[in-house]
Amino acid sequence: MQRKNIIQFCISLTAMTVLALLYGLSLYLHMPKYWETVVLSTLIYLLFTAATLRLIRLLVNFIAGGSEPHMEREGDRTYRRCGVRELCKLILLLMALRLLEILLTYVLHFRLFGYNGTFFEVQRIWLDYYHVETAFPLYGYLSNVFWVVSFNYNHARFIGSYLFTALAGAALYYLVQLDFDRKTARRAVRFFFFLPASCLLMGTVPDGLFLLVSIGCLLFLRKRMYVMANTFAMLATLTHALGTLLFFPILLEYIVFVVDNVRSNREMEKWYSLKQIFNALSFLLVPVGIGLVVLYSELRFGDPLALYRASIEAYGLAPSSLSDALFAWFDRVLDATRVIRPETVPVLIASVLVQILYLTGGCLLVVLGCERIRSSHVLLMLLTVTAVICSGRIGDTARYLTMTAPFVVVLAVRVRRVWQDLVLSILFIASWIAYFYAVIAGYTGGVL
């Protein structure tokens, strides 16, 4: 026990020292233009540091112990099996709620702009998100299957997003009820549906499919089926760049699994070595997925890096350190506020304030998730926050965190009292309506 505490202290001290030095070096080399940038960046950086230190402590305990005692609480789980009928009901309910969103789209659009198109013409607002030059291949090919229904590729992608999101909600329910009870699983689905940026899942974006395959990966990881987990991680890599992050939670759980087997001499069981060879080889599937994306880019555009290059140009990706990315983004935000006009106020709120809330909330949820959900899930959360910031995509934080299921799981697990559930549900519904209104009104295009 003492040795474990010493290891925790040494790793935590090293991580804290490195983060502090990097932040100080960034301040020295790239001093922000505004003092507000320093304050806001420091607050988020401190939250990120706290999340990192908490995760280090959790991972050391997980690796040293080979198990997660906080996931063995009695009374939380429901042992009754989740059946197909139960999941089908949930899928139909989510599909019905999505249909209400389509109706609400027309009502709001008519209220804002008057009659300037039929019911179906107004829905084109959700069809303008897909850009073939920056889209990873799996979403396009899978959604094109629905062309046989719509005879239009834009509509096919819309139908695909509609179905993938409903299936992802059911998969999330199944994942949560494996470790907790049905009440927590229902709460997770409700929070997932009413997160402000979840309305963007209606658009022709790969987010719904990514949610589905990434939750599938976490499901098979939960069942210790590592080959299938890596297969779904590969599918996630073919859907979105964030899919590569799934490699690390799987690797973490597999290492702990093997170490635990060695300690208990289970490696002497029949066929054990053969099984572990297949499990180990399956970790090549994520690099294979990256290779397939490069091959697709070569075949489609004649350049193996065309897809990545187009993404960099289209989205202004600027990989940098955590602190430098925060300084640059907040400076741009404050530059925009210096020339603020009455008509740009809603745009600033919708495109900036929402991202700041998601960014701070994401770091806070990593802290709150430690010793509440699986260590591998917390690791995925922190990696996602790091990737979003360091890639220069802070303006898309709301979308990317919505695509990462463990954030919703932490919310559902931490809320245990009825009044907390009620207050948070009302808050989410109100914020969802406000953000939905902003999307229809065109305020989310951003000013940066």
Worksheet, complete the sentence: Rounded to the nearest 500, the 222 nm mean residue ellipticity computed for the chain from DSSP H runs (n ≥ 4, each -39500 (n - 2.57)) alone is -23500 deg cm²/dmol
Worksheet entry | Kirkwood hydrodynamic radius of segment 1-58, from inverse mean 1/r over distinct Cα pairs, in Å | 12.7
Worksheet, complete the sentence: Largest-first semi-axes in Å of the equivalent ellipsoid built from the Cα gyration tensor of segment 397-448 are 26, 16, 6
Worksheet item: Ignoring any ligand, DNA or RNA, what whole percent of the accessible area of the chain comes from carbon and sulfur when the probe is 1.4 angstrom?
Response: 70
Worksheet item: If all Cα-Cα distances of the chain are sorted into 10 Å bins from 0 onward, what percent lands in each bin, rounded to whole numbers?
Response: 4, 19, 30, 28, 15, 4, 1, 0
Worksheet, complete the sentence: Pairs over 26 Å Cα to Cα, from Lys4/Lys275; Lys89/Lys183; Lys183/Lys275, come to Lys4/Lys275; Lys183/Lys275
Worksheet item: Can you list, bin by bin at 5 Å, the percent of alpha carbon pairs in segment 225-268, starting at 0?
Response: 6, 22, 23, 18, 13, 8, 6, 3
Worksheet item: Volume per residue, Å³, of the convex hull around the alpha-carbon atoms of segment 335-383?
Response: 77
Worksheet, complete the sentence: Counting only protein heavy atoms and leaving out ligands, DNA and RNA, the solvent-accessible surface of Ser320 at a 1.4 Å probe, in Å² to the nearest 10, equals 50
Item to complete: Taking only protein heavy atoms into account and a 1.4 Å probe, give the accessible area per residue of segment 56-192 in Å².
Response: 53
Fill in: Intensity falloff of segment 160-232 expressed as log10 I(q)/I(0), Debye formula with alpha-carbon point scatterers, at q = 0.17, 0.23, 0.24 Å⁻¹
-0.63, -1.01, -1.06
Fill in: Accessible area per residue in Å² at 1.4 Å probe, computed on segment 1-46
73
Item to complete: Over segment 294-448, average the accessible area per residue using a 1.4 Å probe and give it in Å², no decimals.
Response: 43
Worksheet item: With the Cα gyration tensor of segment 286-434 giving a ≥ b ≥ c as the square roots of its eigenvalues, does the rule (a/c under 1.5 for rounded; else a/b larger than b/c for prolate; else oblate) give rounded, prolate or oblate?
Response: oblate
Discussion item. What translational diffusion coefficient, to the nearest whole µm²/s, does segment 124-211 have by Stokes-Einstein, given a Kirkwood radius computed over alpha-carbon pairs, a temperature of 4 °C and 1.567 mPa s viscosity?
Written reply: 94
Worksheet item: Which value in nm describes the separation of the simple spin-label points at Ser264 and Glu121, placed 7 Å from the Cα toward the beta carbon?
Response: 6.5
Item to complete: Report, to two decimal places, the Cα Rg of segment 122-166 normalised by 2.2 N^0.38 Å (N = number of residues).
Response: 1.07
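The values are calculated or read from the model by the stated rules, or taken from the named source; none is laboratory data. Model, not experiment: these values are computed from the prediction. Reconstructed Cβ throughout: ideal geometry from the backbone, glycine too, with neighbour counts over all protein chains shown. All accessible areas refer to the heavy atoms of the entire protein, side chains included, with ligands and DNA or RNA removed. Shrake-Rupley method; radii C 1.70, N 1.55, O 1.52, S 1.80 Å.
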